Structures are given as C-alpha cells and as structure tokens.
1. Lys and Arg at +1, Asp and Glu at -1: add these up for the other residues within a Cβ distance under 15 Å of Asp164 and post the number.
2. Using a cut-off of under 11 Å, list every residue of segment 179-200 whose amide N is near the label point 7 Å from the Cα of Ala165 along the Cα-to-beta-carbon line.
3. Could you state the accessible area per residue of segment 87-157 in Å², with a 1.4 Å probe and every protein chain left in place?
4. What part of the accessible area of the chain, given as a whole %, is carbon or sulfur when the probe is 1.4 angstrom?
5. Among bridges DSSP assigns within the chain, what percent are antiparallel (round to 5)?
6. Report relative contact order for segment 1-109 in percent, whole number only (criteria: Cα-Cα under 8 Å, sequence separation at least 6).
7. Of all DSSP beta bridges in segment 6-142, what percent run antiparallel (nearest 5)?
8. Once you list every other residue whose beta carbon is under 15 Å from the beta carbon of Pro113, what net charge do they have if Lys and Arg are +1 and Asp and Glu are -1?
Amino acid sequence: MPTPPQQCRALLILTSHSELGDTGRKTGYTVSEAADPWRVFTDAGWEVHVATIAGGPAPEDGYDPTDENQAAWMADPHMQRQLHAAPKPEHVNAAIYDVVYLVGGHGAMWDFPDNAELGALVSSIYERGAVVAAVCHGPAALTTLRLVDGSLLAGGKNVTAFSDAEEKAIHLGSTMPFLLQSKLSEVGAKVTVADLWQANVVVDSRLVTGQNPASAAGVARAAIDIAATAG
C-alpha cells in the first residue's frame, strides 16, 4: 500500500496582551490575521493549532462579524476549544510543525519581543528546517528573536511589517513601545513596505512576513508553498 501523505501542521501564536498602552483602550490579536490564514491552511488540508503567550484564551481586537472567515473562526467549535485551552509556547512540541505563524495585533508589540519562551519555540521550529511566518505586528518577535548561534533570525533578511506610516495614520505612533518598521531596520533586517493598507508579502528563504491585515492570507499561501519545498 502507498504511504499516506504526512499531515502538515501550522501553529498560530497569539498575543495575550490586552492593554493599548496607557490609552485605556483594549487590544489583543487582530481576528482577521488569525482567521484568514486559518482558512488558507485548512482549505489546503492542514491541521491548525494555536498557542498564546500566557496560555488560555487570547484577547480579541477588530472582530468583524460580517466577514466570512472571521465569523467562521469564531464559530468553529474545534478552534474555540483550542483557544480556551491554548498552551504557552514552552508547552508546545516544536517538532510537529511545518509552519509557525506569528499573528499580529497591537498586543504583540508588548509580549512578543524579549519573550524567551516564544523565542526558543520559534527558533527551534526554524532550526529544524520549518517555516517562520509573521504578519502585521507579529514581526515584533523578530526584533529580538535569536537562533542557536546567537544571531538574530531577521538579521540581514528581507522582511516587512506594519509600517511606521500606517501606525502614524491610525494615531498610535506615540502609543507603541517602538515603531516596528524602524526597529526591524535598527536590528539589521532589510525592510520593504508598500503604500498604506496595501497587501505586501516578503519571502526570504524560510522566513515569510506580511505588512498588514490585507497580507495575512498571502503569508499563509507563501508559507505553504515554501513548506512543500523545504520538506
């Protein structure tokens, strides 16, 4: 009998941070940036798992119930059970994933950088030849994430992220702990951004980044294509 194809798996990592600086407003992960890649991965026959920085449910931001993918994500009983009992990064088995996808949302600006457990998980997945993907504010993790040899994963690589201009356009430039585009450039990444709100996906070997919510599905599609060749 022929050997059945290996089940491909993607891990979506969501922020647990819910406070938008000192504005008094709430934040979290941007729902479309999880729902759109979830749809792409599941339509391709992949398993999708989730983890959150603090474990358990993640705070939501920007949910649009009229959007088909977002509504399906929120209504899917399997995903909702996963979200309720989501593990922390240190409790995830890195060996089973073909793609780790760092979901954006402003909360990620606070709890993705300098997170040792997140860094260890993502580094481990990358070092074993799998794909690292990130969208919008998800690349905040790449400002500090180091590989086993001590080098920054994003160092010298072509990336994109939520642009400084986009942050300022929504009047949150001074609220963020740093401007993501600028910080990535400071740590040695080669950052390319498109015009405001335009989809933009940048691929550099097994690192895939997207600029904004409009880029989330494209990042997943690119990650699937790369995983097929990397495997």
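The values are calculated or read from the model by the stated rules, or taken from the named source; none is laboratory data. Worth saying up front: this structure is predicted, and the values here are computed from it rather than measured. Ideal geometry is used to build each Cβ from the backbone, glycine not excepted, and the neighbour counts take in all protein chains shown. Note: accessible area is taken over every heavy atom of the protein model, side chains too, but ligands, DNA and RNA are not part of it. Shrake-Rupley method; radii C 1.70, N 1.55, O 1.52, S 1.80 Å.
1. So the surrounding residues net to -2.
2. 193-198
3. 31
4. Result for the chain: 50 percent of the exposed heavy-atom area is carbon or sulfur.
5. Percentage antiparallel, nearest 5: 20.
6. 42
7. If we restrict to bridges inside segment 6-142, about 5 percent are antiparallel.
8. Result for the local shell: -2.
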